[in-house]
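Values in this text are rule-based calculations from the coordinates and carry no lab data. The structure displayed is predicted, hence computed values, not measured ones. Don't worry about glycine lacking a Cβ; one is built from the backbone with ideal geometry, like all the others, and counts go over all protein chains shown.
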Amino acid sequence: MKFSVVIPMIFHQLPLVEGLRRAHEAGMQNAEVMRWHEADLNELIKIKDQLNMQVVMMNTKMMQLADTTLHSAFLEGLSHAIEVSKMFGCNNLFCVPGNEIPGVTRTAQKDNIISVLKEAAKQVEQAGCVLHIEPLNIKIDHPGQFLYSSDEAFDMVKRVGSPNVKVLFDIYHQQITEGDLMRRITENIEYIGHFHASNNPGRTKVPIGEINYPYIFEELDKLNYQGYVGIEYVPVHDPVEDLKEFRRMYM
């Protein structure tokens, strides 16, 4: 198990380049870069290389994947995201399936999402990348999202049937949505490619809240999980000092 820092969340008030610098100052070497399309890519790559940091996760173009009229645009955006990820030396991408469509059955919407993910699987398999789908909680942070259940996400990944399409399991979101975290993780670890971590309530830093992260991290080690856990909380104090505290506790 390795740890990464989600730059746009931890350093949400800073440009990505400055966020990378601050993460490096805190001793973090692995970064997740979202909203890269808003940045100067050449400058971002230059700073990443200067700091000897590794980008381990990037986002694709976000689309409402239950809408079949948007599938071509999503696949085109995915192709571009793969090209950019290769520039960063990153093999992991993630997407959120988008909002539920009123008046259309969940079964039909789910089938539409699986259909486009099967097409996306061909792209990422050829590129040697992994595409992750992320369920989000609809109770607090993301009302209206189609995909909120990890159980449903696992079922979708199984139906896509590609080792290059997995679930991004956000521990905070799934604690709110369904709980029973370690049973779900343990039973589906082969379908999980990445984790995000913050605590609840309040999307606080990992050591503060109701989620028992020392236990979860210990269990992930027992499961021989070899991927990344991205630290993704809303900072209240100095995020550099918070990350230094996290490193002292868990790394």
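Some points to look at:
- For the range 60-138 versus the range 1-57, the gap between their alpha-carbon centres in whole angstrom: 23
- Set of lysines with alpha-carbon distance to Lys205 below 19 Å, sequence-local pairs under 8 removed: Lys2, Lys244
- Whether the range 32-125 is rounded, prolate or oblate, judged on the alpha carbon gyration tensor where a/c under 1.5 counts as rounded: prolate
- Correct choice for Cα Rg over 2.2 N^0.38 Å that was computed from the model, options (1) 1.18; (2) 1.03; (3) 0.97: (3)
- Note on Lys158: aspartates and glutamates with a C-alpha under 19 Å away, same-chain residues under 8 apart excluded, are Asp111, Glu119, Glu125, Glu134, Asp170, Glu187, Glu190.
- For the residue pairs Lys61/Lys86; Lys118/Lys222; Lys48/Lys118, alpha carbon separations beyond 24 Å are given by Lys118/Lys222; Lys48/Lys118.
- Evaluating 6.51 cos²θ - 1.76 cosθ + 1.60 at θ = phi - 60° for every residue in the range 6-16, the Karplus couplings come out as 7, 4, x, 8, 5, 10, 5, 8, 10, x, 4 Hz, glycine and proline recorded as x.
- When the helices of the chain are scored as -39500 (n - 2.57) per DSSP H run of n ≥ 4 and the total is divided over every residue, the value at 222 nm lands at -13500 deg cm²/dmol.
- Cα gyration tensor category, rounded, prolate or oblate, for the range 101-221 with a/c compared to 1.5: oblate
- Where trypsin sites (Lys or Arg not before Pro) fall in DSSP loop in the range 131-230, at most 16 other Cβ within 10 Å: Lys139
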